[in-house]
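Comments concern the structure below.
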Amino acid sequence: MRRKTILLALLMLLSSSALLRAGTEIIAHRGASGLAPENTLASFARAVEIGADWFELDVWLSKDDSLMLMHDESVARTTGAGGTIPTMTYDQLRSLDAGSWFSPLFAGEKIPTLAEALDLALRASYRVGVVIEIKSNAATVVDKVIAAVQQRGMQGRVIISSFNSSHISKSKQLDPSIQVQLFGSITLAQIRQVDGIGGEWVGTNGAITAALLDSAHARGMKMNKWTINSASEMLTLIKQGVDAITTNFPDIARALVDTTPPGEVVLLPPVVDETRIGLSWLPAEDPESTSITYEIYRGTQAHPEILLATVTDTTAYIDETRRESQQYFYRIRAKNVAGLYSPAWSNEVQATTAPDLRPPQVTAVRAYGRPDHLVISFNERVDGESARAAANYQIGPGVTVHSARLALDSLSVMLDTTPLADKSSYTLTITGVKDQAIHPNPIIEPLPVPFTYMPYRPGLVAAWDFDQEDGNNLPDHSGNANHGALQNGIAWSGGHTGNGLLFDGVDDYILVPASSSLDINTQGITLSLWTWMAYAPNDLPGAYGPLYDSESDTYVLYEDKGIHELRFKVTTTVSAERPGIRGSELSAGEWVHLVGLYDGANAMIYLNGELKDTHPLTGTVKAGQIATIGKTGGAYFKGRIDDIQIYNRALSAEEILFLYDGREITSSASRDPHQPEEFGLSQNYPNPFNPSTTLNYRLSRRELVDLAVYDLLGRRIADLVHELQGPGQYQATWDGLDKNGLPAGSGLYFCKLKSGGRTITRAMTLIK
């Protein structure tokens, strides 16, 4: 509370004093080390969340030549263990707890590698830099550091720092494009020395005089002052014209340096599609901020004060109101990373939903796993009586529908049928199903939906589809009898498709007894599930939000408040790794697909079919037979979970895409007969191509459109379209460059078009 009060007072002071930024950069010392354990991924991630220009770290070389991050040569201060980094191996160092000393919230935080820190910087939503202080005097340490930087193409985003002038001199010799910095109580002679080797920075813990500053600036060099944690000292240095401040508290520095709030938001006229309202706006201007968050307010009267949604770094939002003929008012305000709001609300817009005049549309068919079970998802809630009438569904050829059950959220229908044949094509025909409009709209013309039934993938050890409606048991459909027992009154609810379970975050969980099939004991594992989170990681009331946990934390999916990520932890006979998804990429209150995967060489985590993080790892997955869903230790999950699958092998990127959007279903979205145009994506032309190719797509209604390019690993490498577009024909071109403007390599790529819950994917080949 005291820190918040101090920051608020500083912001009020600055807003009244018209103090300008003056170009001062913020370097987070050992990460945000005043807020998280130093030299850990949690500390670096916190620095990025605050919006530091750089985060600084310390590098040593281990006994087996791994670049490890720690300030001291001894591991004692931050791990409580004995030994020094040069005398310990990577595995020995990774087995230590580098977080508990700071706070129990960070228990289990590992000593990271330089590669992990650089990769974290690359994943940031803005171009954050990394200051690498070389502590080790090993003969090869500079060579290895430079190689790690070059391997990732980060030469322009790194400063090599040292108290040892020979280190920075060698760095310049190996790669002149990388900036260097000499640390110490800097003198005029040392400024001349750094200038002589082509250096760009000097960092001092001594007094900064006008003569020192002028001398550095006259040579085109920058001066960095460390380590400054006092707001008053920061203000003095900013006024003095110091180029950078190194601090343990980048949040204080950010508030002082970024004194300009974001500009006002301009809301554009909303677009109404029956009970859906599409909002879009012009971005707020803020050249000082790395990221802008928009708070959207909605009400049934002017000047709404009820927060509807919070979105970051986007300028569009679809409000699924599900109410007919209702007038809504909207306004928005913007917030930057310093916590400053735009000086005034946006303009206010209003929109009135229209009567629902269209029958329900099919958005997806889940036709995999259980041969006698099919789940149909609709774009709106459907009427119970008509949805439960088995006669309204026909499946050909030769399949009988025994019964139809309506999911608890009325958005899905679960069909029990005679067995479907593996990898066989069928057509589901729907008639008579009505929506829940004021004047219900039935499907009058037979609606055909082609699909292909796909069995579960090889290597399945557990499969819980959550499609019951009641009871205290969760059946396993893998054939391995890993049935779960519901604890403490978990509520059944609507799921992603069909039904799911709602966890209260207090004491709800599912216990799966010990089973040899859950003891993976291989060099591969995949954990897949759908979840609807009540909290994003940053907003958790406690330290963790556990989704799935095996015995002894062998393979786990969980939200981590301390590091602000959703993480997959896998423990092998060699070590443990925790690849993660940034909290800024996750939103509460929407369904997302998560996959944690280990393939014998790397631990990985996917979000909605897209690879988000990779950590090197080897060894065999450790034993972990007992499983809990929604609980780990004394922490409980709040939200909904659906469709969990566990495999004793690593699924391919294509298999993961199938689990996300059912690409092997020949038609996961049916055409609305009331719309003149179909939703579609044509094959790119030319194909194969070099250097560019063109894609044509068509929309049946105004939607938020996302068109992107993915590689074979499921990684999103290029963004082509992300905006609201109306019905019609469109064209987009991919120039063969990735997000960073670098040429993509030869090979197979996938272009994915997503709009209104529908997805189409096309394969394309780049040849060079």
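The values are calculated or read from the model by the stated rules, or taken from the named source; none is laboratory data. Remember, predicted model here, so these are calculated numbers, not experimental data. Cβ atoms come from the backbone with ideal geometry, glycine included; neighbour counts cover every protein chain shown.
Considering only the stretch 162-171, I want to know if a residue exists there that is surrounded by fewer than 13 Cβ atoms within 10 Å (Cβ to Cβ) and within 36 Å of the chain's Cα centre (by Cα).
Start the filter on the stretch 162-171 by keeping residues that are surrounded by fewer than 13 Cβ atoms within 10 Å (Cβ to Cβ), which leaves 166.
With within 36 Å of the chain's Cα centre (by Cα) added as a condition, the list becomes none.
No, there is no match, as no residue in the stretch 162-171 is surrounded by fewer than 13 Cβ atoms within 10 Å (Cβ to Cβ) and within 36 Å of the chain's Cα centre (by Cα).
Would you pick out the residues in the stretch 740-768 that are among the small types (G, A, S) and either within 15 Å of R715 (Cα to Cα) or at pLDDT 75 or above (or both)?
So the first thing to find is which residues in the stretch 740-768 are among the small types (G, A, S), and the list is 741, 744-747, 755-757, 763.
Residues satisfying the conditions are G741, A744, G745, G747, S755, A763.
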**Message:** Let me spell it out: the conditions are (1) at pLDDT 85 or above; (2) surrounded by fewer than 18 Cβ atoms within 10 Å (Cβ to Cβ), and T572 meets all of them except one. Which number is the exception?
**Reply:** (2)
**Message:** So if I check each of A334, A284, A302, which one is free of Cβ contacts under 8 Å to residues at least 60 places away in the same chain and closer than 23 Å to L256 by Cα?
**Reply:** A284
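This table checks each residue for (1) at pLDDT below 95; (2) farther than 28 Å from K569 by Cβ.
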residue	(1), (2)
D72	no, no
T87	no, no
F102	yes, no
A115	yes, no
I134	no, yes
Q150	yes, yes
**Item:** Filter result for V592 (under 21 Å from P541 (Cα atoms) and touching a Lys or Arg at 6+ places or on another chain (Cβ under 6 Å))
**Value:** no
**Asked** What's the number of the condition M234 fails, among (1) more than 18 Å from S33 (Cβ to Cβ); (2) surrounded by 15 or more Cβ atoms within 10 Å (Cβ to Cβ)?
**Response** (1)
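Within the stretch 258-279, can you find the residues that are at negative phi, among the acidic types (D, E) and in contact with a Pro (Cβ under 8 Å, 6 or more places away or on another chain)? Even if it seems obvious, please write down each step before you answer.
Taking the stretch 258-279 first, the residues at negative phi are 258-273, 275-279.
Checking which are among the acidic types (D, E) leaves us with 258, 264, 273.
Residue satisfying the conditions is E264 alone.
Mind listing whichever residues of the stretch 379-429 are charged (D, E, K, R), surrounded by fewer than 21 Cβ atoms within 10 Å (Cβ to Cβ), assigned to a loop (DSSP other than H, G, I, E, B) and under 37 Å from the mean Cα position of the chain (by Cα)?
Result: R381, D383, D409, D422, K423.
In the stretch 252-355, which strands (runs of 3 or more DSSP E) lie fully inside it and hold 3 or more residues that are under 30 Å from A32 (Cβ atoms) and outside the structural domain of L35 (by TED's automatic domain parsing)?
Working: elements: 271-273, 276-282, 292-299, 306-312, 316-320, 327-336, 349-352.
Ranges flagged: 292-299, 306-312, 327-336.
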**Message:** Here is a check on your reading of the model: is G600 surrounded by fewer than 21 Cβ atoms within 10 Å (Cβ to Cβ), outside the structural domain of L120 (by TED's automatic domain parsing) and not in a strand (DSSP E or B)?
**Reply:** yes
**Request:** Would you point out the residue of the stretch 34-75, among those that are of a type in the set (A, V, I, L, M) and more than 20 Å from I563 (Cα to Cα), that is surrounded by the most Cβ atoms within 10 Å (Cβ to Cβ)?
**Result:** V59
**Request:** Within the stretch 430-471, count every residue that is part of a strand (DSSP E or B), touching a Leu at 6+ places or on another chain (Cβ under 7 Å) and not aliphatic (A, V, I, L, M).
**Result:** 2
**Message:** Tell me whether the stretch 505-513 contains one or more residues that are touching a strand residue (DSSP E or B) at 6+ places or on another chain (Cβ under 6 Å), of a type in the set (S, T, Y) and in a strand (DSSP E or B).
**Reply:** yes
**Prompt:** Quick one: is E565 in contact with a helix residue (DSSP H, G or I) (Cβ under 8 Å, 6 or more places away or on another chain) and buried (at least 23 other Cβ atoms within 10 Å of the Cβ)?
**Reply:** yes
